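See structure below.
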Amino acid sequence: MNKRENMELIFQHKQPDWIPHLGNDTYGIRDYVVERPIMTTGDDAWGCHWISCPSSLNITHPDGADIKFEDLENWRENINIPDLEKVDFTPMIEEAKAFTNRDEKMIQYVSLNGIFERTHILMGFENALCACMEEPEEFGEMLKAVAEHKIRLFKKVYDIAQPDILVYHDDMATQASQFLNTNFYKKYLFPLYKQIVEAAREMGYKYVMQHSCGRIEKIIPEWLECGFDGWDSVMPCNDLYEIKKEFGDKIVFMPGLDTQGVLGKIGSSRQEIEEMVVRWMNMLASDGTGLIIDATLAYSLNPANEVICLEFIKKHGKPFMDAKKAGIEYIPDLEV
């Protein structure tokens, strides 16, 4: 069984031969319409400025002094939606041509900064959240304009590269709770999510994942109604055991494991990392289904830990599944 076939079983909620690592078992097509500069200070395709943070691997954050508009009065005149006709997609075309083993691996395309996140970048976080409550209908119109751009972009990317997996990013919560009431999401955001998912499927994307950090456990049923196949980031501030129990046959989990604790902590031992990997496998693949680990350097404050983590994902991924298929408890051979 190759990596593509193994991944297909997971999306079909069947038992794969091993627990895969997304970055190792799929090919990621780069995004050439810049939603955020990666690990460097600069501007994105919308003209918004980002600043890198040297103390955390130069991960970038929006420049709070570069707000395009503070309220919704003239947002249509002040928003700078990227013109895809002016984008040079030649590098993406060449990259897609160079990937020749499509029968062996799936292609994933990650779209950063979804329609909700983009409003924060344009207006500033506080202004955007206030606009949600003060002028929800007009805010909804802005969300529609951004969603239409995203759909055009996803069509362009699919025509060029034919990705199998679309990972759509749109953070919706803090570690304590959602940013906004579920009713707001249901009225103004989720109908657009459903349009995005349906459009992506019509284009040819096989699987669409929703990425959101934070505590989002209460809105998973609505996500599923939007048509998402799975959840990316899967942070431990959620009750993951209960989520697996309730939705494990409907959703694919793509966690970054404990990046805020074990992986992001200086001084974590190999033993701690190995125990964490096995614990997450038991937690989110208790029945041997539905887990694709997405632990990547971009989300870790300690790259050395990440290398060790991948080593243990490879070590335990297959014997864990062998035990599940045999109907026996997995007793890991842990380093001492």
Open item on the list: Just to check I understand the Karplus step: with θ = phi - 60° and J = 6.51 cos²θ - 1.76 cosθ + 1.60, what whole-Hz values come out for region 265-280, glycine and proline as x?
Closed with: 8, 6, x, 4, 7, 4, 4, 4, 5, 5, 4, 5, 4, 5, 4, 6
- [ ] Kindly provide the helix-only [θ] at 222 nm of the chain, computed as the sum of -39,500 (n - 2.57) over DSSP H runs of four or more divided by all residues, to the nearest 500 deg cm²/dmol?
- [x] -12500 deg cm²/dmol
Task: residue 266-residue 15 FRET efficiency (beta carbon distance; Förster radius 41 Å; 0.05 resolution) - done: 0.65
- [ ] Can you spot the lysines whose alpha carbon is less than 18 Å from residue 187's alpha carbon? Ignore those fewer than 8 places along the same chain.
- [x] 144, 218
Open item on the list: Stokes-Einstein diffusion coefficient for region 149-198 at 25 °C in a medium of 0.890 mPa s, Rh from the Kirkwood formula over Cα pairs: what value in µm²/s?
Closed with: 192 µm²/s
Open item on the list: Placing unit charges on C-beta atoms (Lys and Arg positive, Asp and Glu negative, everything else neutral), compute the dipole magnitude of the chain about its Cα centre in debye, rounded to 20.
Closed with: 880 debye
Task: Global form of region 1-129, assessed from the alpha-carbon gyration tensor, a/c cut-off 1.5 - done: prolate
TODO: Sticking with the crude label model, points 7 Å out along Cα→Cβ, report the distance from residue 194 to residue 225 in nm, one decimal please.
DONE: 0.7 nm
- [ ] Run the quick spin-label model on residue 98 and residue 237: label points 7 Å from Cα toward the beta carbon, then report their separation in nm to one decimal.
- [x] 3.8 nm
TODO: Take the Cα of residue 325, step 7 Å along the line toward its Cβ, and report every residue of region 1-28 whose backbone nitrogen sits under 20 Å from that point.
DONE: 1-22, 25-26
Task: Crossing angle, helix 136-161 versus the chain [Cα axis fit, 0-90 degrees, rounded to tens] - done: 60 degrees
Task: Per DSSP, loop trypsin sites (Lys or Arg not before Pro) in region 73-102 with at most 14 further Cβ within 10 Å - done: 102
TODO: Return the whole-Å distance between the Cα centroid of region 190-220 and the Cα centroid of region 126-177.
DONE: 10 Å
Task: Ascending count of other beta-carbon atoms within 10 Å, so fewest first, for 44, 88, 287 - done: 88, 287, 44
TODO: Quick one: what are the phi-derived ³J(HN,Hα) couplings along region 92-98, Karplus 6.51/-1.76/1.60 with θ = phi - 60°, whole Hz, x for glycine and proline?
DONE: 5, 4, 5, 5, 5, 5, 6
Open item on the list: Which one, 261, 231, 288, projects farthest toward the positive side of the charge dipole computed for region 227-336 from Cβ point charges (K/R +1, D/E -1)?
Closed with: 288
- [ ] Starting from region 262-336, pick out the GluC sites (Glu not before Pro) whose DSSP state is loop and whose Cβ has at most 10 other Cβ atoms within 10 Å.
- [x] 329
TODO: May I ask which of 3/194; 14/105; 3/150; 206/250 have a Cα-Cα span longer than 21 Å here?
DONE: 3/194; 3/150
- [ ] Choose one answer from 134, 85, 202: the residue with the largest mean-square fluctuation in a GNM of the chain with alpha-carbon springs under 10 Å.
- [x] 85
Open item on the list: Between residue 314 and residue 159, what is 0.36 nm times their sequence separation minus the Cα-Cα distance? Round to one decimal in nm.
Closed with: 52.5 nm
TODO: Using only Cα atoms, find the angle between the long axis of helix 303-326 and the longest principal axis of the chain, and express it within 0 to 90 degrees, rounded to the nearest 10.
DONE: 60 degrees
TODO: Under 1.5 on a/c is rounded, so check that first for region 204-336, then, if it is not, pick prolate when a/b is larger than b/c and oblate when it is not; a ≥ b ≥ c are the square roots of the alpha carbon gyration tensor eigenvalues.
DONE: oblate
Task: Computed E for residue 43/residue 135 - FRET, C-beta separation, R0 25 angstrom, nearest 0.05 - done: 0.35
Open item on the list: Compute, for region 9-49, the length of the dipole vector about the Cα centre, with Cβ point charges of +1 (Lys, Arg) and -1 (Asp, Glu) only. Units Debye, rounded to 20.
Closed with: 120 debye
TODO: Note the angle between two axes, namely the Cα long axis of helix 190-203 and the longest principal axis of the Cα atoms of the chain, as a number of degrees from 0 to 90, rounded to the nearest 10.
DONE: 70 degrees
- [ ] Search the structure for amide H atoms under 5 Å from the amide H of residue 107, placed 1.01 Å from N in the peptide plane, and list their residues when 5 or more places away or on another chain.
- [x] 27, 164, 165
TODO: Among 53, 130, 48, rank each residue by its count of other Cβ atoms within 10 Å, from fewest to most, as a rough exposure measure.
DONE: 53, 130, 48
Task: Calculated FRET efficiency for the pair residue 126/residue 51, C-beta based, R₀ 25 Å, to 0.05 - done: 0.90
Open item on the list: Rounded, prolate or oblate for region 40-98? Axes are the square roots of the Cα gyration tensor eigenvalues, ordered a ≥ b ≥ c, and the cut-off for rounded is a/c under 1.5.
Closed with: oblate
TODO: Take the Cα radius of gyration of the chain and divide it by 2.2 N^0.38 Å, with N its residue count; two decimals is plenty.
DONE: 1.00
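Bear in mind these aren't lab numbers, they're just calculated from the coordinates by the rules spelled out. Everything numeric here is computed off the predicted structure, so don't read it as measured data. For neighbour counting, all protein chains shown are included, and Cβ atoms are generated from backbone atoms with ideal geometry for every residue, glycine included.
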